[in-house]
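Peer 1: This is the structure I want to talk about, given as structure tokens.
Since every read-out is calculated from the coordinates, none of them should be taken as a lab result. Please read all numbers here as calculations on a predicted model, not as lab measurements. In this analysis, Cβ positions are derived from the backbone assuming ideal geometry, glycine residues included, and neighbour counts consider all displayed protein chains.
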Amino acid sequence: QVQLVESGGGLVQAGGSLRLSCVASGSGSGFRINAMGWYRQTPGKQRELVAAITKSDRTTYIDSVKGRFTISRDNAKSTVYLQMNSLKPEDTAVYYCNANYQRVGGLDYVDYWGQGTQVTVSS
């Protein structure tokens, strides 16, 4: 059974920085981690992809965080990070870690989610 545990959220003033971490533990039998990413959600809105990174370290970001956020991963530690700089009040949300697992030698995929960590940016 795979578990994702996030850490690093909190309260910060506008212009400040936070670093989120997400560790994947356990293993899906016959599966391995493919892409990992960070999503965020605010009340009444759909969860949105903030940043993602493939197993070959290709990254993608939503426009609103480009130049401010950086996603990275440590495959040896099954960990993904999100460095958030120049934070704005509109970045306030619950941030969720996602790990996409792929069957070894196959095309089956399974998504796992963390429990979420609150990020609050005060003006």
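Peer 1: Can you list residue pairs whose Cβ atoms sit under 7 Å apart, with the first residue in region 1-14 being touching a residue at least 60 places away in the same chain (Cβ under 8 Å) and the second being assigned to a loop (DSSP other than H, G, I, E, B) and of a type outside the set (G, A, S)? Count only pairs 6 or more apart in sequence or on different chains.
Peer 2: E6/Q115; V12/L87; A14/L87; A14/K88
Peer 1: From E6, E90, which residue is outside any strand (DSSP E or B) and acidic (D, E)?
Peer 2: E90
Peer 1: What about S86, is it out of contact with any Phe, Trp or Tyr (no Cβ under 6 Å at 6 or more places or on another chain) and touching a residue at least 24 places away in the same chain (Cβ under 8 Å)?
Peer 2: Yes: the conditions hold for S86.
Peer 1: If we keep just the residues of region 48-77 that are part of a strand (DSSP E or B) and small (G, A, S), which is surrounded by the most Cβ atoms within 10 Å (Cβ to Cβ)?
Peer 2: A51
For (1) under 12 Å from the mean Cα position of the chain (by Cα); (2) more than 14 Å from A35 (Cα to Cα), each residue gets a yes or a no:
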| residue | (1), (2) |
| --- | --- |
| D63 | no, yes |
| S72 | yes, no |
| Q83 | yes, yes |
| D91 | no, yes |
| N100 | yes, no |
| G105 | no, yes |
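Peer 1: Right, R47: free of Cβ contacts under 8 Å to residues at least 60 places away in the same chain, closer than 12 Å to A93 by Cβ and within 15 Å of the chain's Cα centre (by Cα) or not?
Peer 2: Yes, satisfied.
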